[in-house]
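Chemist: Let me begin by handing over the structure; questions about it come next.
The values are calculated or read from the model by the stated rules, or taken from the named source; none is laboratory data. Here the structure is a predicted model, which is why all the values come from computation and not from measurement. Positions of Cβ are backbone-derived with ideal geometry, glycine not excepted, and every protein chain shown enters the neighbour counts. SASA here: full protein model, heavy atoms, side chains in, ligands and nucleic acids out. Shrake-Rupley method; radii C 1.70, N 1.55, O 1.52, S 1.80 Å.
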Amino acid sequence: MRRSGFLLAALVLVGISPAAWAHPGHLVGTGFSAGLLHPFTGMDHLLAMTSVGLWAAQRGGRSLFLIPASFVLMMAAGAIAGAAGVPLPLVQPGILGSVMVFGLLIALDSRLPTAAGMAIVGAFAVFHGYAHAVEMPAQASLADFGSGMVVGTLALHAIGIGLGSLSARFPRIALQTAGAGIALAGVGLLSTL
């Protein structure tokens, strides 16, 4: 129990760091490492991607892998669209909406069919990927930056899955309360637009 409390505290401290609230203009470098760090440098991405892992762990079974995989694949599609200059309206509201929706899915302990969960997570992932590509440094290669972005996203999913798995040691309401907190954080972030 002590170890899980430490992990949760570490995640909260990472989330409240000033770097996590930053966004455009914060990247150093243009390659894999810049892409790897990008998902960790915005509270919106941190919360959404960690929430995908939390919800996948809460659901268990095939969802444990299929829901994060759906996010990564559709995020890549969004990144390709963004790099190609395809217009996508409401990107930032879509990203912040994902934080609220993913938090609510956890709070409500949603048991949607796996395919529906994949569709919801994938639809929001397009906005995240698009934003990553648009914020990518001009001289960066989408292949290098994008592969780092995928690994960073998978790391955040793994953190969420790990925290979700640890939550099995606590009453079910603990993870649901965390989900409600994530949803409220999304509301707070949306109010800053």
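Chemist: Condition (residue is part of a helix (DSSP H, G or I), open to solvent by less than 50 Å² (accessible area, probe 1.4 Å) and either touching a Lys or Arg at 6+ places or on another chain (Cβ under 8 Å) or free of Cβ contacts under 8 Å to residues at least 40 places away in the same chain (or both)) applied to segment 130-142: is it met by at least one residue? Full working, then the answer.
Modeler: Pass one, segment 130-142, residues part of a helix (DSSP H, G or I): 130-135, 142.
Within this subset, residues satisfying the condition of being open to solvent by less than 50 Å² (accessible area, probe 1.4 Å) are 130-133, 135.
With the extra rule that they be either touching a Lys or Arg at 6+ places or on another chain (Cβ under 8 Å) or free of Cβ contacts under 8 Å to residues at least 40 places away in the same chain (or both), the set shrinks to none.
No.
Chemist: Another question, if that's okay. Read through the list (1) part of a helix (DSSP H, G or I); (2) surrounded by fewer than 16 Cβ atoms within 10 Å (Cβ to Cβ); (3) at pLDDT 90 or above, then give the number of the only condition that residue 49 fails.
Modeler: So the condition that residue 49 fails would be (2).
Chemist: Output the number of residues of segment 131-177 satisfying the condition of being of a type in the set (A, V, I, L, M) and touching an Asp or Glu at 6+ places or on another chain (Cβ under 9 Å). Walk me through it before giving the result.
Modeler: Applying the first criterion (of a type in the set (A, V, I, L, M)) to segment 131-177 yields 131, 133-134, 136, 138, 140, 142-143, 149-151, 154-156, 158-159, 161, 163, 166, 168, 173-175.
Restricting the remaining residues to those that are touching an Asp or Glu at 6+ places or on another chain (Cβ under 9 Å) gives 131, 175.
Count: 2.
Chemist: Does residue 100 satisfy the criteria of being modelled with pLDDT of 95 or more and not aromatic (Phe, Trp, Tyr)?
Modeler: Details: modelled with pLDDT of 95 or more: yes; not aromatic (Phe, Trp, Tyr): yes.
Judged against the criteria, residue 100 is a match.
Chemist: Assess whether residue 121 counts as being under 13 Å from the mean Cα position of the chain (by Cα), among the aliphatic types (A, V, I, L, M) and closer than 30 Å to residue 171 by Cβ. Walk me through it before giving the result.
Modeler: Working: under 13 Å from the mean Cα position of the chain (by Cα): yes; among the aliphatic types (A, V, I, L, M): yes; closer than 30 Å to residue 171 by Cβ: yes.
Taking the combined requirement at face value, the residue satisfies it.
Chemist: Continuing with this model, one more query. Of the residues that make up segment 21-38, is at least one at pLDDT below 70, surrounded by fewer than 21 Cβ atoms within 10 Å (Cβ to Cβ) and not in a loop (DSSP other than H, G, I, E, B)?
Modeler: Initial filter on segment 21-38 (at pLDDT below 70): 21-28.
From what's left, surrounded by fewer than 21 Cβ atoms within 10 Å (Cβ to Cβ): 21-28.
Now drop any that are not not in a loop (DSSP other than H, G, I, E, B), which leaves 21.
So far as segment 21-38 goes, yes, one or more of its residues are at pLDDT below 70, surrounded by fewer than 21 Cβ atoms within 10 Å (Cβ to Cβ) and not in a loop (DSSP other than H, G, I, E, B).
Chemist: Next question. Determine which member of the set 152, 179 is farther than 23 Å from residue 32 by Cβ, open to solvent by less than 50 Å² (accessible area, probe 1.4 Å) and in a helix (DSSP H, G or I).
Modeler: On the way: 152 fails: farther than 23 Å from residue 32 by Cβ.
Exactly one residue qualifies, and that residue is 179.
Chemist: Anything in segment 111-123 that is of a type outside the set (A, V, I, L, M), outside any helix (DSSP H, G or I) and at pLDDT 95 or above? List them, or say none.
Modeler: Kept after step one, since they are of a type outside the set (A, V, I, L, M), are these residues of segment 111-123: 111, 113-114, 117, 122.
With outside any helix (DSSP H, G or I) added as a condition, the list becomes 111, 113.
Matches in segment 111-123: 113 only.
Here's the yes/no breakdown for (1) at pLDDT below 95; (2) within 14 Å of the chain's Cα centre (by Cα):
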site: 67; (1), (2): no, yes
site: 75; (1), (2): no, yes
site: 109; (1), (2): no, no
site: 139; (1), (2): yes, no
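Chemist: Which one of the conditions (1) within 17 Å of the chain's Cα centre (by Cα); (2) not in a helix (DSSP H, G or I) does residue 87 fail to meet, given that it meets all the rest?
Modeler: Only one criterion is unmet by residue 87, namely (1).
Chemist: Moving to a separate point now. Which count do you get for residues in segment 84-101 that are open to solvent by less than 40 Å² (accessible area, probe 1.4 Å) and free of Cβ contacts under 8 Å to residues at least 60 places away in the same chain?
Modeler: Summing the residues that are open to solvent by less than 40 Å² (accessible area, probe 1.4 Å) and free of Cβ contacts under 8 Å to residues at least 60 places away in the same chain in segment 84-101 gives 3.
Chemist: With the structure loaded, tell me whether residue 126 is modelled with pLDDT of 95 or more, within 18 Å of residue 76 (Cα to Cα), part of a helix (DSSP H, G or I) and open to solvent by less than 60 Å² (accessible area, probe 1.4 Å) or whether it fails that test. Spell out the reasoning first.
Modeler: Values: modelled with pLDDT of 95 or more: yes; within 18 Å of residue 76 (Cα to Cα): yes; part of a helix (DSSP H, G or I): yes; open to solvent by less than 60 Å² (accessible area, probe 1.4 Å): yes.
Judged against the criteria, residue 126 is a match.
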